[in-house]
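A short write-up of the structure that comes next.
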Amino acid sequence: MTDTSRASGATLTLVLLAAAGTFALTMGARQSMGLFLGPLNTQTGLGLASISLAFAFGQLWWGLTQPFAGMAADRFGAGRVMVVGIVMLALGTVLVPLMTTTAGLILAIGVLAAGGSGMAGPAVLMGATTRLVPADKRGVATGIVNAGGSFGQFVFAPLAAFITVTAGWVTAVQALGVITLLALPAAWVLRGASHTPAGSPTAPAAPRESIGAVLSRASRTPSYLMLCAGFFVCGFHVAFIATHLPGVVASCQLPPQVGAWALGTIGLFNIVGSLAVGWAVGFQGGRWRMKSLLSLIYATRAVAVLVFLLAPKTNTTMLVFAAVIGVTYLSTVPPTAGLVAKMFGPAHMATLFGVVMLAHQMGGFLGAYLGGKSFEWTGAYDWMWYADILLAVGAALVHLPIREARRGEPALGGVPA
């Protein structure tokens with residue numbers, strides 16, 4: 001092995017550690033906040049629907065920041081965007097227990113914490129990763145980055161529950177905020193703003209397409225629009241579970257600790273799902289068609305929810321359900337990001353994947369908010385589960401017509417895939 005290859009391997013490892021570690025910290029903090037919905041309701045007396053509105057706004061705002069954070073990262077480099085985002089996330093999380101009104105919770109959870117997490121979130125991290133790693137390793141690389149977010153959820157949810165038991169929920173929330181600052185050094189590693197894909201340093205310069213032009217072209221690409229529709233469903237599903245699974249556990253009259261362990265189990269098994277799907281994807285002529293993988297993932301979700309509804313609600317049932325959902329939870333990200341890169345190339349990856357993430361979070365807004373409203377109206381979450389099954393089936397079907405260039409064919413966006 002030459003010194004150059006050793007350096008290249010070390011650089012790749014550092015990039016993946018930085019991106020996956022950042023996603024672990026930001027996603028772990030965000031996905032654990034649902035554990036505090038009950039204590040927030042008890043302390044503020046605002047009602048489940050009002051607090052769910054703050055969480056739902058956070059889902060939407062996290063998505064709204066993705067395209068703009070992606071544009072800023074494409075233009076100025078990921079590092080600067082990440083620093084601002086990490087500080088905002090920490091500040092917003094620390095302020096949550098101090099807020100006693102719906103508006104205050106929307107500011108802390110919805111604007112600061114969610115906006116900061118979005119600025120250091122998937123669009124920026126996936127965009128930086130696809131530019132900084134060789135083209136033939138992008139599938140596995142994005143799977144590893146995505147698994148980092150799952151690992152964060154696996155660690156943070158039980159950690160938050162432990163701190164809550166030993167020191168109270170206020171200390172637990174604020175500790176999560178402080179811990180997210182550990183992601184700051186990763187911003188230096190991912191600071192580059194190069195638009196030249198890794199692995200092609202000698203490629204001739206080509207006229208750079210404006211952001212407006214590429215967004216216009218994307219909006220006229222049916223396959224891209226179908227991808228956005230499918231990811232909308234993913235957001236609905238993920239946000240509902242992340243926000244309301246502890247409430248589902250309580251409504252089933254199971255111990256509160258089961259909610260924390262269920263969230264942790266989702267994170268653990270999503271590591272397996274993310275790595276497996278990332279390996280299967282392979283952006284440069286993957287082992288399986290990415291659209292087929294997405295259809296399979298959404299269909300699996302529909303079946304899992306249906307079986308869960310029919311099964312007796314025990315601790316074991318809840319954890320087995322969490323494990324199955326975990327395998328499919330965010331394993332949609334590598335093939336979705338892969339299809340975006342395959343359609344349009346890596347130059348505007350952060351921007352275009354940011355738009356897809358916005359669609360994801362529009363679904364997330366509805367999943368988080370309607371979960372609270374549904375429980376207020378009916379005293380149960382059954383109707384949300386029914387909606388989730390129908391949407392998952394629809395997502396499985398909508399991916400089938402997506403045009404995915406086969407190996408050796410030109411990409412949909414007119415650039416090499």
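The values are calculated or read from the model by the stated rules, or taken from the named source; none is laboratory data. Keep in mind it's a predicted model, so treat the numbers as computed, not measured. Note that each Cβ is placed from the backbone with ideal geometry, even for glycine, and that neighbours are counted across all protein chains shown.
Observations on the model:
- On the stretch given as segment 12-61, residues that are of a type outside the set (A, V, I, L, M, F, W, C), within 23 Å of residue 119 (Cα to Cα) and either surrounded by 19 or more Cβ atoms within 10 Å (Cβ to Cβ) or touching a residue at least 40 places away in the same chain (Cβ under 8 Å) (or both) total 11.
- Any hit, segment 243-256, residues being part of a helix (DSSP H, G or I) and more than 25 Å from residue 114 (Cβ to Cβ): yes
- Residue, surrounded by the most Cβ atoms within 10 Å (Cβ to Cβ), within segment 142-156, restricted to residues that are at pLDDT 80 or above and among the hydrophobic types (A, V, I, L, M, F, W, C): 145
- Within segment 366-383, the residues that satisfy the criterion of being surrounded by fewer than 24 Cβ atoms within 10 Å (Cβ to Cβ) and part of a helix (DSSP H, G or I) are 366, 369, 370, 373, 374, 375, 376, 377, 378, 382, 383.
- Any hit, segment 125-140, residues being within 30 Å of residue 258 (Cβ to Cβ), in a helix (DSSP H, G or I) and in contact with a helix residue (DSSP H, G or I) (Cβ under 6 Å, 6 or more places away or on another chain): no
- Annotation note: of 294, 268, the sole residue that is farther than 20 Å from residue 354 by Cβ, in contact with a Gly (Cβ under 8 Å, 6 or more places away or on another chain) and not in a loop (DSSP other than H, G, I, E, B) is 268.
- Taking (1) free of Cβ contacts under 8 Å to residues at least 40 places away in the same chain; (2) not in a helix (DSSP H, G or I) in turn, residue 84 satisfies each apart from (2).
- Annotation note: Cβ proximity below 6 Å between a residue of segment 214-236 that is within 11 Å of residue 355 (Cα to Cα) and aromatic (Phe, Trp, Tyr) and a residue that is crowded, with 18+ Cβ neighbours inside 10 Å and modelled with pLDDT of 95 or more (sequence gap 6+ or interchain) occurs for no pair.
- Verdict on residue 336 being in a helix (DSSP H, G or I), under 25 Å from residue 31 (Cβ atoms) and either in contact with a strand residue (DSSP E or B) (Cβ under 8 Å, 6 or more places away or on another chain) or at pLDDT 90 or above (or both): no
- Some residue of segment 89-98 being assigned to a loop (DSSP other than H, G, I, E, B), on the phi < 0 side of the Ramachandran plot, modelled with pLDDT of 90 or more and among the polar types (S, T, N, Q): no
- Candidates 183, 187, 172, filtered to the one that is at pLDDT 85 or above and either surrounded by fewer than 16 Cβ atoms within 10 Å (Cβ to Cβ) or under 28 Å from residue 255 (Cβ atoms) (or both): 172
- Checked against the criterion of being aromatic (Phe, Trp, Tyr), part of a helix (DSSP H, G or I) and touching a Leu at 6+ places or on another chain (Cβ under 9 Å), the candidates 23, 68 yield just one match: 23.
For (1) under 25 Å from residue 54 (Cα atoms); (2) within 15 Å of the chain's Cα centre (by Cα); (3) among the charged types (D, E, K, R), each residue gets a yes or a no:
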position: 312; (1), (2), (3): no, no, no
position: 328; (1), (2), (3): no, yes, no
position: 341; (1), (2), (3): no, no, no
position: 359; (1), (2), (3): yes, yes, no
position: 374; (1), (2), (3): yes, no, no
position: 377; (1), (2), (3): yes, no, no
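- Applying a threshold of 8 Å to beta carbon distances and a minimum spacing of six or more residues, or different chains, the list of pairs starting in segment 361-384 at a residue that is within 22 Å of residue 306 (Cβ to Cβ) and ending at one that is among the hydroxyl-bearing types (Ser, Thr, Tyr) and not in a helix (DSSP H, G or I) reads 371/381; 374/381; 375/381.
- So residue 259, is it of a type outside the set (A, V, I, L, M, F, W, C), within 27 Å of residue 378 (Cα to Cα) and touching a residue at least 40 places away in the same chain (Cβ under 8 Å): yes
- Of all residues assigned to segment 6-18, none qualifies as being under 30 Å from residue 169 (Cβ atoms), out of contact with any Phe, Trp or Tyr (no Cβ under 8 Å at 6 or more places or on another chain) and of a type outside the set (S, T, N, Q).
- Output for segment 39-61, where each listed residue is over 20 Å from residue 174 (Cα atoms), among the hydrophobic types (A, V, I, L, M, F, W, C) and assigned to a helix (DSSP H, G or I): 48, 49, 53, 56, 57, 60, 61
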